[in-house]
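The values are calculated or read from the model by the stated rules, or taken from the named source; none is laboratory data. This structure is a prediction, so every number in the text was calculated from the model and none was measured. Here the Cβ positions follow ideal geometry from the backbone for every residue, glycine too, while neighbour counts run over all protein chains shown. Only protein heavy atoms, including side chains, enter the accessible area calculation; ligands, DNA and RNA are left aside. Shrake-Rupley method; radii C 1.70, N 1.55, O 1.52, S 1.80 Å.
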Amino acid sequence: MDFSTEQKKIIDEIKKLKRAKNAVILVHNYQRPEIYEIADFLGDSLQLCMEAKKTNADIIVFCGVNFMAQSAYILNPGKKVLVPFYDAGCAMADMLKPSDLIELKKKHPKAKVVTYINSSAEIKALSDAVCTSSSAVSVVKGLDGSEIIFVPDKNLANYVAKNVPGKKIIAFDGHCPIHDFLTKEALYEAKKEYGNAKIIAHPESRNEILEIADHITSTSGMIDCAKKDPAKDFLVLTECGMVERLKKEIPNKNFHGVCNLCFDMKKNTLESILKCLKDEKFMVTVPKDVTEQALKAFNKMFELTKNG
Ligand code: 13P
Ligand code: SF4
């Protein structure tokens, strides 16, 4: 990627400042490509959790959306967790309120609760286990109990139900507007142009997409499967930033997006990251009781996926 003189200056300043303050910068795959340049670690939700959990840095700057920064705080509560933009939310996480989950638990008292990481800390605290897109199937399979309340994503719940046929999945009616907007008509339209391309889809996509996809995987999983698959062309169904990420990581293959933009993921900029490091703002915290309960749900995921 070519950077302007101004961008180069900001990148240098960020790098100097993070060394001086012993800060680590964790970056989600959907962030703007210029932000990849200052990342200490770039990855999907599960990988970023693992990094947040093990870091020795004094400050974690989280470039993603708020539930990810909250998760970093829960996993490593002694750290100062900062976000460059104070209200980068997640539309799917906002769909589920604690009262909705309490209601579901009352209706299904025997069911265990598995909560997708794209949710608030309060929801995680009410859950038996957290999962990410790459760990959802293993967590549901591994958790004892034959009835599972799965929140908040109905599409991921459907994907899990298909892959864990022995369990009854009770789904909440939430979705990611960015993924749920992708239809099979749009996919067939793209296939007219790139007929031989393999289809890679995120499991937050609708069932009609997942039924046709060649690979269904998390954002970082997309990089691994595109490397392994001998195909040259791929249709990528997820947030558009992932197309840039794939092109950068695998420059000898072609990636075509059937994608949509997540504006919250694009709120962070090089300028706001520099300001965040300089002013040590905006700080993310989670109340102690919520942190303790949510941490138990995270630890259940690590136990079930052998990611201690
Ligand atoms: P991944 O964990 O696959 O990176 O997904 C995060 C996300 O928000 C997808 O919309
Ligand atoms: Fe949330 Fe969807 Fe954006 Fe991911 S892409 S952060 S699920 S709104």
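For the range 77-118, list log₁₀ I(q)/I(0) at each q in 0.20 Å⁻¹, using the Debye formula over Cα point scatterers of equal strength and ignoring solvent, two decimals each. Taken in order of the listed q values, log10 I(q)/I(0) reads -0.81. Short-range pairs are left out: with C-alpha atoms under 8 Å and at least six residues apart, the relative contact order of the chain is 22 percent. The residues of the range 1-134 expose, per residue, 41 Å² of accessible area to a 1.4 Å probe.
Cysteine residues of the chain whose Cβ has no partner cysteine Cβ closer than 4.7 Å: 49, 63, 90, 131, 176, 225, 262, 276. The equivalent ellipsoid of the range 217-308 has semi-axes of 32, 23, 12 Å, largest first, where each one is the square root of 5 times an eigenvalue of the Cα gyration tensor.
Per the Debye calculation on the range 1-122 with a single equal scatterer at every Cα and no solvent contribution, log₁₀ I(q)/I(0) for q = 0.11 Å⁻¹ amounts to -0.45. Only alpha carbons enter this Debye calculation for the range 188-247, each as an equal point scatterer, and the log10 of I(q)/I(0) it gives at q = 0.19, 0.24 Å⁻¹ is -0.64, -1.04. Each Lys or Arg adds one and each Asp or Glu subtracts one; over the other residues with Cβ under 11 Å from the Cβ of residue 216, this totals -2. With a simple spin-label model that places each label point 7 Å from the Cα along the Cα-to-Cβ direction, the separation between residue 8 and residue 41 comes to 3.1 nm. Placing pseudo-labels 7 Å out from each Cα toward the beta carbon at residue 100 and residue 250 gives an inter-label distance of 3.4 nm. The value of relative contact order for the range 71-156, using C-alpha pairs under 8 Å at least six residues apart, is 30 percent. Across the chain, the convex hull enclosing all Cα atoms gives 125 Å³ per residue. For the range 140-183, the orientation-averaged shadow of the C-alpha convex hull comes to 3.2 nm² (one quarter of the hull surface). Three semi-axes describe the equivalent ellipsoid of the range 1-57; taken as square roots of 5 times the Cα gyration tensor eigenvalues and ordered largest first, they are 22, 16, 5 Å. For the residue pairs 228/266; 97/281; 154/184; 110/168; 228/253; 227/306, alpha carbon separations beyond 23 Å are given by 228/266; 97/281; 227/306.
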